Amino acid sequence: MTEIRIAPLTVVPEAGQVLREAELAVSTDSGRITYLGPVRGPLGAGDIDGAGRLAIPGLVNAHTHSAMTLLRGYSDDVPLHTWLTHVRAFELRLTAADIQAGLRLALAEMLRNGTVAFIDMFQWDSTLLAAVSEAGMRVSAAPAVFGYDSVAFPMADPTPGSDILERTAALSAEFAGDPLIGLAYGLHAPYTCPPEMVAEVAQRSRVNGIGVHIHLSETAREVDDSLRQFGVTPIRQVADLGLLDGRVHVAHAVHPRAGDFELLGRPGVTVSHNPVSNLKLGAGIAPVGRYLSAGVRLGLGTDSVASNNTLDMFEEIKTGVLAQRGLAVDPSVISGADLFRMATAGGAPAVEPGLSGVLAVGEPADLVLLDVTGTTASPFTDPGSFLAYAARGTDVTDVFVAGRRVVAGRRVTTIDEAAARADVAERAARILAELAAG
Ligand SMILES: [Zn+2]
């Protein structure tokens, strides 16, 4: 067994816990943590000096559309429904190569900012899933469906929604042997996917065990429209169609009404809270405190860079705390540890059942080292405080996923980041020129 030891360092094995002067060891063969405790002695060749480092569980981005890095900085300051029109016009021009390039840059960005796993709804195929596996990240990928007939990405893939459901199951079977890759049905939303399709996907999911990812109750307008059209909230509507009986991961849920809390607290349901995106698009602020007291399992996500504009989970943690306190006019409503838990153990089981998102012997070696010698970390007295309010993705020095060192000394080892940046810049410029030409 090849074991890499990291010592001496501070470890936050999960939200609210701290070990000091500790050693952490990982097996590159099993991909699991083999030791966590007091330093066992001098380091050997190949081990990592942990002085000035803090180890945390890898961050989990519980909702994004990662290939949309090409849209960073596009349509920043317009009303939500104008924004949707702009984004759609841009997306219609994406080729398969554009989506590959956008994904590659997103993978590099997530890794270098300490994210080890993500839940993503977009166009997905074998090539894109293989790119995630080669980059060494975990994904729950949900090929997006916008109804039976509509095609999501005409340039990249003019496949109708009915065929994408078949393809999702085929991709799940194709990647069944890859521990990093999982699939989910990607129902975009109840306002784009008809009730028959929601019911059909619930049925398919019950039969084959593939989970579902769906946007629900992101805006007040969406909830009002649903009440007018169907007489129930979007959350109640999909529950009535059987969707919340299985394994379902919900994005947003900013505007629940009475009765929705209990539905989202069902055993197979997880919810991604996306504070930066919700604030930037003016969608609102989700009632996180009420969700936590109702037993709803919350993860934390960035959403796409078109509504963020980074994939830095540390921004979500801090913004998530601040938004709740500003809304309640009360600093005691939520803690930094609550948001850090959401960013790790909260989102992990939504990526893959059984994934814990904590550092412990026997668990997958998905971990992040941060430099805590910098000015914004000094004095380094309270690791929990640093993680919630001062840490940035740029503090990340090393990342391991399943025991593989995918970031080493602030360099992504699995992706040529400079090439990824240049490629995306060129492709975004081409699309912007096309849009300007009409
Ligand atoms: Zn989304």
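The values are calculated or read from the model by the stated rules, or taken from the named source; none is laboratory data. Because the structure is predicted, anything quoted here is derived from the model rather than measured. Virtual Cβ from ideal backbone geometry, glycine too; neighbours counted across all protein chains shown. Just the protein is used for accessible areas: all its heavy atoms, side chains included, with ligands, DNA and RNA removed. Shrake-Rupley method; radii C 1.70, N 1.55, O 1.52, S 1.80 Å.
Per residue, how big is the convex hull around the C-alpha atoms of region 59-138? Give it to me in cubic angstrom, could you?
Details: hull volume 7.6 nm³, N = 80.
It is 95 Å³ per residue.
Expressed to the nearest 5 percent, the antiparallel share of DSSP beta bridges inside the chain is 45 percent. Computed 3J(HN,Hα) for region 20-35, one whole-Hz value per residue from the Karplus formula 6.51 cos²θ - 1.76 cosθ + 1.60 where θ = phi - 60°, is 10, 6, 10, 10, 10, 10, 10, 9, 6, 7, 7, x, 10, 6, 9, 7, glycine and proline marked x. Relative to the longest principal axis of the Cα atoms of the chain, the long axis of helix 161-174 lies at roughly 30 degrees.
For q = 0.18, 0.21 Å⁻¹, what log10 I(q)/I(0) does region 320-438 give under the Debye formula with an equal point scatterer on each alpha carbon and no solvent? Per q value, in the given order, log10 I(q)/I(0) is -1.09, -1.20. Modelled label positions at ARG221 and VAL207, each set 7 Å beyond Cα in the direction of Cβ, lie 3.7 nm from each other.
Taking θ as phi - 60° and the Karplus parameters 6.51, -1.76 and 1.60, the scalar couplings of region 392-403 work out to 10, x, 5, 7, 6, 10, 9, 9, 10, 10, 6, x Hz in sequence order, x denoting glycine and proline. Estimated at the nearest 10 Å², the accessible area of ARG421 is 130 Å² with a 1.4 Å probe.
When nucleic acids and ligands are ignored and a 1.4 Å probe is applied, GLU14 ends up with an accessible area of around 70 Å².
The HN-Hα couplings worked out from phi for region 289-303 by the Karplus form 6.51 cos²θ - 1.76 cosθ + 1.60 (θ = phi - 60°) are x, 5, 4, 5, 5, 7, x, 6, 7, 10, x, 10, x, 8, 6 Hz, whole numbers, x standing for Gly and Pro.
At q = 0.09, 0.14 Å⁻¹ the log10 of I(q)/I(0) for the chain amounts to -0.54, -1.32, computed by Debye summation with a single uniform scatterer per C-alpha, solvent ignored. Beta bridges from DSSP with both residues in region 143-302: antiparallel share about 10 percent, rounded to the nearest 5. When peptides 104-115, 350-361, 198-209 are ranked by their average number of other Cβ atoms within 10 Å per residue, the highest-first order is 104-115, 350-361, 198-209.
A probe of 1.4 angstrom, applied to the heavy atoms of all protein chains, finds GLU222 with accessible area near 20 square angstrom. Working from Cα pairs under 8 Å separated by at least six residues, relative contact order for the chain is 22 percent.
Calculate, in whole percent, how much of the Cα-Cα pair population of region 40-87 lies beyond 15 Å. So the pairs more than 15 Å apart make up 70 percent of the total in region 40-87. Each of ASP29 and THR2 was given a label point 7 Å from its Cα along the Cα-to-Cβ line. The distance between the two points is 1.2 nm.
Here each label is just a point 7 Å from Cα along the line to Cβ, and for LEU84 and THR376 those points are 3.4 nm apart. Which whole-percent values make up P(r) of region 87-178 when all C-alpha to C-alpha distances are grouped in 10 Å steps starting at zero? All Cα pairs considered, the percentages come to 15, 48, 32, 5.
As a ratio to 2.2 N^0.38 Å, the alpha-carbon radius of gyration for region 186-269 is 0.98. Note on region 222-266: Cα-only Rg and Dmax are 10.0, 28 Å. The spacing between region 252-279 and region 174-201, judged by their C-alpha centroids, is 18 Å. Net length available on complete extension from SER335 to GLN229 is 34.3 nm, with 0.36 nm assigned per residue and the Cα-Cα distance removed. Among 61-72, 272-283, the peptide with the highest mean count of other Cβ atoms within 10 Å heads the list, and the full ranking is 61-72, 272-283.
Once the chain from ASP76 to GLU166 is taken as fully extended at 0.36 nm per residue, the excess over their C-alpha distance is 28.9 nm.
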